[in-house]
Amino acid sequence: MTKILAFAGSNSKDSINKQLAIYASGLIEDAQVTVLDLNDFELPIFSKHYEKDHGVPENALSFLNYIKKSDGIVLSLAENNAAYSAVFKNLFDWMSRAEAKLFFGKPMLLMATSDGKRGAISVLTMAKERFPRHDAQIVADFSLPSFEANFANGKITNPDLDNELKRKVELLKKHL
């Protein structure tokens, strides 16, 4: 059975990006989906001094292990000030210290959403440029604008946007 890892680049308890990741990963039939919450992987703020004194924290290594064991990744990034959320950037920094190619060539559906009309496109653009350097195989990307207006009851309510996401999920499925 195909193993999908789904998570949001957010630590919000009611993360709209986590809701989107859950919805998108649920569209993959016959898959075992593991949804991770960054709140379960608390980490100290990255510093070379901490790493020298203590090594890479176990929670970063544990998250890497989930990536290694997956066949594909569904990731939806939160955008804070046009960049990654601090919690995601910190996890990303720690994982990259343990394993520079931290995405292990896994096929990825990369997404982002926000309440704004741009749909967190800045962070999505940043990640599309950066992640391949860490061996991400981004096979599709998707931005959901105006989350509150286009998502309810666990799914996308705008038919055009929903069909677009479903096409992107199909691209991911072809690479699994």
Exercise for the section: Scan the range 129-154 for residues that are exposed (fewer than 14 other Cβ atoms within 10 Å of the Cβ) and touching a residue at least 12 places away in the same chain (Cβ under 8 Å) and jot them down. Expected result: Glu148, Gly154
Practice task
Name every residue in the range 85-94 that is within 23 Å of Ala140 (Cβ to Cβ) and either buried (at least 24 other Cβ atoms within 10 Å of the Cβ) or of a type in the set (Gly, Ala, Ser) (or both), in order of residue number.
Solution key: Ser85, Leu91
Completion exercise
With criteria (1) polar (S, T, N, Q); (2) without any contact (Cβ under 8 Å) to a residue 24 or more places away in the chain; (3) in contact with a Phe, Trp or Tyr (Cβ under 7 Å, 6 or more places away or on another chain), Thr125 comes up short on (3)
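Every residue in the range 155-167 that is touching a residue at least 60 places away in the same chain (Cβ under 8 Å) and assigned to a helix (DSSP H, G or I), please.
Going through the range 155-167, the residues touching a residue at least 60 places away in the same chain (Cβ under 8 Å) turn out to be 155-156, 165-166.
The answer is Leu165, Lys166.
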Exercise for the section: Output the residues belonging to the range 47-67 that are more than 25 Å from Lys106 (Cα to Cα) and in contact (Cβ under 8 Å) with a residue 12 or more places away in the chain. Expected result: Glu51
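Show me the helices (runs of 4 or more DSSP H) found entirely inside the range 57-151 where at least 1 residues are more than 18 Å from Ile45 (Cβ to Cβ) and not polar (S, T, N, Q). Can you show your working first?
Values: elements: 58-69, 86-98, 121-130, 147-150.
By residue number, 58-69, 121-130, 147-150.
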Completion exercise
Thr2 fails exactly one of (1) surrounded by 15 or more Cβ atoms within 10 Å (Cβ to Cβ); (2) more than 22 Å from Thr157 (Cα to Cα); (3) in contact (Cβ under 8 Å) with a residue 60 or more places away in the chain, namely (1)
Practice task
State whether one or more residues within the range 6-14 are free of Cβ contacts under 8 Å to residues at least 40 places away in the same chain and closer than 20 Å to Ala140 by Cβ.
Solution key: no
Practice task
Return yes when Ser47 is among the hydroxyl-bearing types (Ser, Thr, Tyr) and under 17 Å from Glu99 (Cα atoms) and no when it is not.
Solution key: yes
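Take the conditions at pLDDT 95 or above, more than 15 Å from Ile22 (Cα to Cα) and among the hydroxyl-bearing types (Ser, Thr, Tyr) and apply them to Ser76. Does it pass?
Values: at pLDDT 95 or above: yes; more than 15 Å from Ile22 (Cα to Cα): no; among the hydroxyl-bearing types (Ser, Thr, Tyr): yes.
It is false that Ser76 is at pLDDT 95 or above, more than 15 Å from Ile22 (Cα to Cα) and among the hydroxyl-bearing types (Ser, Thr, Tyr).
Evaluate the following for Phe46: is it part of a loop (DSSP other than H, G, I, E, B) and either farther than 22 Å from Arg167 by Cα or within 14 Å of the chain's Cα centre (by Cα) (or both)? Lay out the reasoning, then the answer.
Working: part of a loop (DSSP other than H, G, I, E, B): yes; either farther than 22 Å from Arg167 by Cα or within 14 Å of the chain's Cα centre (by Cα) (or both): yes.
It is true that Phe46 is part of a loop (DSSP other than H, G, I, E, B) and either farther than 22 Å from Arg167 by Cα or within 14 Å of the chain's Cα centre (by Cα) (or both).
The values are calculated or read from the model by the stated rules, or taken from the named source; none is laboratory data. Small disclaimer: the values here were computed from a predicted structure and weren't measured. Cβ atoms come from the backbone with ideal geometry, glycine included; neighbour counts cover every protein chain shown.
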